[in-house]
Amino acid sequence: TATNTAQAVVQKMIVSDAPRNLDVKATSETSAAVTWATPLRDGGSPIIEYVTTSSEGRCTTDSPTALSCTVTGVTAGKNFTISVKARTKVGASEVATATITMPGRPGAPTIASVTRSGTSATVPLTAPSFDGGKAVTSYRINAISTLDSKDAVVCSSTSLTCTVQGLAMSSAYNLTARAYNSFGEGAASSIYFAQAFSAVPSE
């Protein structure tokens, strides 16, 4: 009949909001774990998939609607950016973006000076300008004789000073230093030339 009618208001579907709480954490020098949360509003249409874009490497998810992915093939020590957007049958959302600096091995420390005393030498160091994103845990100094390359002495320290023992008094040495963090051995310093020890003659 004429009165047997009803009126409905249908909300127009729109694209969803951007994914929330995007977070990226390095899991190694060259890989990262990325997580995010569902958008606050889906725009009236179910989310079909999340689309990821990374500045390098590849982001692998378990399923199209998974809320995480693992990125591999990233360059150690470089900035890494990941973007995620939600897609429904209406279209793609705005992009959520996050950037981190990937960790790596430390840069090279600097040998500031060498003070020889008999068969030992005290070697102060300057910390590397880049620690790799992880704290430096130790330093190692290699001293190689200029007279015999087989005459090599190693000194390890957790501080910025190390005393090399067992040097030949008559030989000069080339010294290099490296810093270490949880990812391993960093770059070598420039070579520091330490002259042979000269004993002070008695009167």
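Just to be sure I understand the filter: pairs with C-beta atoms under 6 Å, separated by 6 or more residues or on different chains, first member in region 169-188 and surrounded by 17 or more Cβ atoms within 10 Å (Cβ to Cβ), second member aromatic (Phe, Trp, Tyr) and in a loop (DSSP other than H, G, I, E, B). Which pairs pass?
Hits for this filter: zero, empty list.
Could you tell me whether any residue of region 41-49 is at pLDDT 90 or above, touching a Ser or Thr at 6+ places or on another chain (Cβ under 8 Å), under 30 Å from VAL136 (Cα atoms) and not hydrophobic (A, V, I, L, M, F, W, C)?
No: region 41-49 contains no residue that is at pLDDT 90 or above, touching a Ser or Thr at 6+ places or on another chain (Cβ under 8 Å), under 30 Å from VAL136 (Cα atoms) and not hydrophobic (A, V, I, L, M, F, W, C).
Mind listing whichever residues of region 112-135 are surrounded by fewer than 20 Cβ atoms within 10 Å (Cβ to Cβ), of a type outside the set (Phe, Trp, Tyr) and within 31 Å of the chain's Cα centre (by Cα)?
The answer is ALA112, SER113, PRO124, THR126, ALA127, SER129, ASP131, GLY133, LYS134, ALA135.
Name the single residue, out of those in region 19-45 being out of contact with any Phe, Trp or Tyr (no Cβ under 9 Å at 6 or more places or on another chain), in a loop (DSSP other than H, G, I, E, B) and open to solvent by less than 50 Å² (accessible area, probe 1.4 Å), that is nearest to CYS69 (Cα to Cα).
Top of the filtered list is PRO39.
Residue check: is ALA92 exposed (fewer than 14 other Cβ atoms within 10 Å of the Cβ), over 23 Å from the mean Cα position of the chain (by Cα) and among the aliphatic types (A, V, I, L, M)?
In short, no.
Hey, among the residues in region 177-200 that are assigned to a strand (DSSP E or B) and more than 19 Å from GLY132 (Cα to Cα), which one's modelled with the lowest pLDDT?
Restricting to residues being assigned to a strand (DSSP E or B) and more than 19 Å from GLY132 (Cα to Cα), the top hit is ALA194.
Restricting attention to region 140-162, and to residues there that are in contact (Cβ under 8 Å) with a residue 24 or more places away in the chain and open to solvent by 60 Å² or more (accessible area, probe 1.4 Å), which single residue is nearest to VAL114 (Cα to Cα)?
It comes out as THR161.
The values are calculated or read from the model by the stated rules, or taken from the named source; none is laboratory data. Owing to the predicted nature of the structure, the values given are computational and were not obtained by experimental measurement. Backbone-built Cβ (ideal geometry, glycine too); neighbour counts: all protein chains shown. Surface areas here come from the heavy atoms of the whole protein model, side chains and all, with no ligands, DNA or RNA. Shrake-Rupley method; radii C 1.70, N 1.55, O 1.52, S 1.80 Å.
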